[in-house]
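Before any comments, here is the structure.
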Amino acid sequence: MMTVDDNQDETDFGIEYDDAFSSKYMAKHILGRGVSSTVRLCCNRNTNEEYAVKIIDITGQNHGGDNRAEAIQEEYRNEILILNKMAEGEGHPNIIALIDFIESPTYFFLVFELCHSGELFDYLTAVITLSEKKTRAIMRSVISAVAYIHSHNIVHRDLKPENILLDANLKVKISDFGMAAELTEGVYLRELCGTPGYMAPEMLKCSMGLENISSYGQKIDLWACGVIMYTLLVGRPPFWHRKKMLMLRAIMEGRYRFGSPEWDDISDTPKDLISKLLVVDPKLRLTAEEALEHPFFQQTEVPIGTTFNARRKFKAACLVVYGVVRLRHYCGQRIISPHSIQENPYGVKAIRKALDGCAFNIYRHWVKKGQGQDRAALFANSPKMDIKNLNNSLSSSQQTTPTMSRSSSTTGMAT
Ligand code: ADP
Ligand code: MG
C-alpha cells in the first residue's frame, strides 16, 4: 500500500490505496472533498466503467485520534445503511446509487454512480439564476426524491445545492446521506445538524430550548426545499445575514421577502409554492406529496436533458419572433432602450445578471446592505459608467464565472 496525498491533482492517475480497493478500481483525480472524506473519480479495472469513490480515512488520525475513529466509522456505517435502504427494490432515479462498498483497516471506500456535471451549486454559480421551467424540472425531481426518502421513514437533514448532483444529462441525484436519520418508534430528533442557511425554524428552536419544541421531523427537509427553490429562481438565498445570529432569528420568524426587481419577473405560482414551504409551523408546511400536487408542478413539459426536437424549437423560435414584432409594434420603441438602461440598470434582467455576477466576483459571498439582503441596493445609484462603454464592460463581465460562498455545515460530517 502506498501513502496517499489527498492534494494530488488530476495528473496523479494510478494512485494506490489498500489492495482491497486498488485491485478492483483505479483512483483518479479529486471530484470533491468533505470534512473526513475525499471523493475521487475512479475506474473499474475490468469493465473500464467510471464511478465516483468517497474515500474515508477511518483511523481518525486527522480528527483527534481513536475516539474520533469510532465516531467516524459509526457515522459512515449509518450513511451506508441508509443508502442501502434507498436502493431497495427499484430504488429512485433521483437518488444517488451506491454501487460498491469496500472496507480496509484504514479506509472506507464508497463507490457511487458518477455524476458528470457535478453539484447543482456549481451549475447555479455559473448561470446565476434558473428559469421557472428549469426550476420546475429540478424541484420536481428533488421533491419526488424527498417523498421517496420520507416514505422510508428517513430524514435527509442536509439538503442544499452542494448535495444535489447532476449527471451528464443534468438529471438530479440527491447525495450525501451523512446526516440522514431513520425515524423509528421512540426515536426523537433533537440535535442541530445540517447547514445554517437551510435549517428549519423548529430545528433551531428545539436546539435552543425555545417554545417547548422537544423534537423535529421530516418537515425540515421541505423547509430546505423552499430555501433551495427560492435560491434557484433569483440566485440568492431567502435568509442571509453577515451576523449569523440575525440570520437564524430571521429563519425562526420566517422573515423573508419576494423583493423587487428580482421577483418582478417571476410568476405567482412558484412564489405560492415557496410560501407554502417556508412556513414556520411544520404542521402547516406542505408534505413532499402535497408539494408535488401544487399547481407549479401540474404544467407538463419535457424534462431538461432530453433529446433535441427541431420541430418544437422552430415553433418556439417563430413564436418568439412573432411576439417581439408585436411588442415593438405596440410599444413603438425599442424594448430595452438606452434610456431605460440609464434610468434603472438593475431593472433590466440581462444587466442584473451581469451585475450580480460581478458582485459575486468582488465580494465572494452574498452581498448585504440594509435590513434585508439586498444586492440591488449596490446598484441603486445612478450609473457612473459611460453608457457607451457599458456594452464592452458587460460582455467582459459575463465571461467571468461568479463564485457563491459555499455553506458549511454545523457538524463535522457534511459540507
Ligand atoms: P461529504 O459528506 O464529505 O460532504 P459528499 O458525499 O457530499 O461528502 O461529497 C463531497 C463532494 O464530492 C460533493 O459535494 C461533490 O462535489 C463530489 N461528489 C460526491 N459524490 C459524487 C458523485 N457521485 N459524482 C460526482 N461528484 C461527486
Ligand atoms: Mg456534502
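The values are calculated or read from the model by the stated rules, or taken from the named source; none is laboratory data. All values reported here derive from a predicted model rather than from experimental measurement. Using ideal geometry, Cβ is built from the backbone for each residue, glycine included, and neighbour counts are taken over all protein chains shown. With ligands, DNA and RNA removed, areas are computed over all heavy atoms of the protein, side chains included. Shrake-Rupley method; radii C 1.70, N 1.55, O 1.52, S 1.80 Å.
Find the centroid of the Cα atoms in segment 71-115 and in segment 168-192, then give the distance between the two in whole Å.
Segment 71-115 and segment 168-192 have Cα centres separated by 12 Å.
Quick check on packing: order 197-205, 349-357, 265-273 by the mean number of other C-beta atoms within 10 Å, highest mean leading.
197-205, 349-357, 265-273
Using a Förster distance of 35 Å, how high is the FRET efficiency between Glu211 and Arg45, based on the Cβ-Cβ distance and rounded to 0.05?
0.05
What is the extension gain from Leu327 to Glu185, computed as 0.36 nm multiplied by their sequence separation minus the C-alpha to C-alpha distance, in nm to one decimal?
Full-extension gain reported as 45.0 nm.
Roughly how many debye, to the nearest 20, is the charge dipole of segment 143-243 about its Cα centre, given +1 on each Lys and Arg Cβ, -1 on each Asp and Glu Cβ, and no other charges?
I would put it at about 420 debye.
Between Ser104 and Ala126, what length comes free when the chain is fully extended (0.36 nm per residue of separation minus the Cα-Cα distance, one decimal in nm)?
Here the segment from Ser104 to Ala126 would lengthen by 4.1 nm.
Quick one: ranking Arg45, Arg242, Arg236 by accessible area, 1.4 Å probe, largest first, what do you get?
So the residues, ranked largest to smallest area, are Arg242, Arg45, Arg236.
Rounding to the nearest 20 debye, state how big the charge dipole of segment 196-298 is about its Cα centre with +1 on each Lys and Arg Cβ and -1 on each Asp and Glu Cβ.
With Lys and Arg at +1 and Asp and Glu at -1, about 620 debye.
Taking amide H positions as placed in the peptide plane 1.01 Å from N, state which residues far from Asp100 in sequence (5 or more) or on other chains have amide H under 5 Å from it.
It is Val111, by chain and number.
Quick one: which of 318-326, 156-164 comes out on top by average Cβ neighbours within 10 Å, and what's the full order, highest first?
With the highest mean Cβ count within 10 Å placed first, the list reads 156-164, 318-326.
Mind giving me the FRET efficiency for Val35 and Lys315? R0 is 45 Å, r the Cβ-Cβ distance, nearest 0.05 is fine.
Step by step, r from the Cβ atoms, then E = 0.35.
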